[in-house]
Amino acid sequence: MADLTLVVLAAGLSSRYGTGLKQVDGVGPSGEFLLDYAVFDAWRAGFTRVVFVARPEIEDALRARMEGWPDGLSGDVVFQALEDVPPGFTVPPNRHKPWGTGHATLAAAPVVASPFAVINADDFYGPGAYREVAAFLRRARAQRRLPAAMVGYRLGDTLSAHAGVSRAICEPHPTGSVARVTELFGITARDGAIAGLDGDEAMVALEADDLASMNFWGFVPAVFGLLEDRFARFLEARGADAGAEFLLSTAVNELIAADRIVLEVLPTEEIWCGMTSRADREAVEARMAELVAAGVYPERLPGV
């Protein structure tokens with residue numbers, strides 16, 4: 001059985017969360033972080049390695065967690081450095097924020113050599129989602145068009161009652177693959193209608209049953225070369241824009257259009273929850289308590 005790696009994107013600034021970093025905010029009954037549940041679910045699904053793409057200030061907390069992990073599960077911590085750009089490019093003096101989820105994924109490239117999944121540290125995806133992605137990765141084989149997968153959640157179940165959210169909306173192809181992934185911003189539900197803004201700030205009407213990516217992806221290692229190329233193109237076009245982000249969803253969409261990858265959507269009945277703002281924390285804490293009470297998770301996770 002192939003080794004599988006989980007890449008956890010934990011380098012965000014938590015700018016909408018308020019005080020503290022939501023990546024290491026305890027929401028479980030024993031102080032578990034959401035990423036602790038991710039690691040536990042991945043381990044149960046057969047993943048053997050975890051790579052955190054993190055900020056230096058949370059490295060100690062992450063490595064302390066690793067000390068209590070089960071035998072057969074190893075981990076590493078890498079950093080998303082703003083100055084880590086391809087040769088010939090420089091960081092603009094007015095750039096202070098990270099380059100985005102695509103760049104964060106590339107930060108893991110030097111230490112990932114097996115099929116891998118990518119997730120956000122501040123999202124809860126549900127155990128079934130990890131099983132689906134693990135099954136995909138075990139059968140994935142690098143070909144001319146690389147295989148990739150995204151877990152698709154029902155959009156109506158992924159919205160925040162407290163703030164607009166960004167979601168990548170999946171447009172299925174008749175063949176069963178994904179024809180397009182469109183990143184939309186500020187998605188809210190008002191008076192029964194759901195809408196968000198595209199990259200040109202045009203309003204887009206959405207449906208509750210649309211499939212949304214919550215940044216849970218499955219890839220083979222050869223995708224890193226394709227992402228490096230896309231990052232260079234991004235810098236050529238938008239590198240001088242201090243607020244522009246190299247988003248993983250946008251890069252995937254470009255690779256679909258270029259016929260370089262075939263993206264499979266893995267629909268799930270799992271219910272997502274996450275912490276976009278601090279106001280979401282209470283609901284997340286209640287959800288984790290429910291799952292522990294139902295026996296889905298133990299009272300204390302390994303490493304906590």
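The values are calculated or read from the model by the stated rules, or taken from the named source; none is laboratory data. Note that this is a predicted model, so its numbers are computed, not measured. Glycine also receives a Cβ, built like all others from the backbone with ideal geometry; neighbour counts cover every protein chain displayed.
Residues in segment 157-212 that are in a loop (DSSP other than H, G, I, E, B), over 22 Å from the mean Cα position of the chain (by Cα) and among the β-branched types (Val, Ile, Thr): Thr175 only.
For Val118, the requirement of being under 22 Å from Ala61 (Cα atoms) and either touching a strand residue (DSSP E or B) at 6+ places or on another chain (Cβ under 7 Å) or in a strand (DSSP E or B) (or both) is met.
Filter segment 167-176 for residues that are of a type outside the set (Lys, Arg) and buried (at least 17 other Cβ atoms within 10 Å of the Cβ) and give the result. Give the derivation first.
Keep residues of segment 167-176 that are of a type outside the set (Lys, Arg), which gives 168-176.
Listed by number, the residues that qualify are Ala168, Ile169, Cys170.
The set of residues in segment 219-246 being modelled with pLDDT of 95 or more and either assigned to a loop (DSSP other than H, G, I, E, B) or of a type in the set (S, T, N, Q) (or both) consists of Val220, Pro221, Ala222, Phe246.
With respect to Tyr125, is the statement that it is at pLDDT 90 or above, farther than 24 Å from Asp3 by Cβ and touching a Phe, Trp or Tyr at 6+ places or on another chain (Cβ under 7 Å) true? The answer is no for Tyr125.
Give segment 2-58 a look and list any residue that's basic (Lys, Arg), at pLDDT 95 or above and buried (at least 18 other Cβ atoms within 10 Å of the Cβ), or say none. Arg49, the sole residue that qualifies. Applying a threshold of 6 Å to beta carbon distances and a minimum spacing of six or more residues, or different chains, the list of pairs starting in segment 37-65 at a residue that is under 15 Å from Leu21 (Cβ atoms) and ending at one that is assigned to a loop (DSSP other than H, G, I, E, B) reads Val53/Ala11; Val53/Gln80; Val53/Ala108; Ala54/Ala11; Arg55/Ala11; Arg65/Gly303.
Taken as a whole, the structure leaves Ala134 outside the set of residues that are within 18 Å of the chain's Cα centre (by Cα), under 24 Å from Ile58 (Cβ atoms) and of a type in the set (Gly, Ala, Ser).
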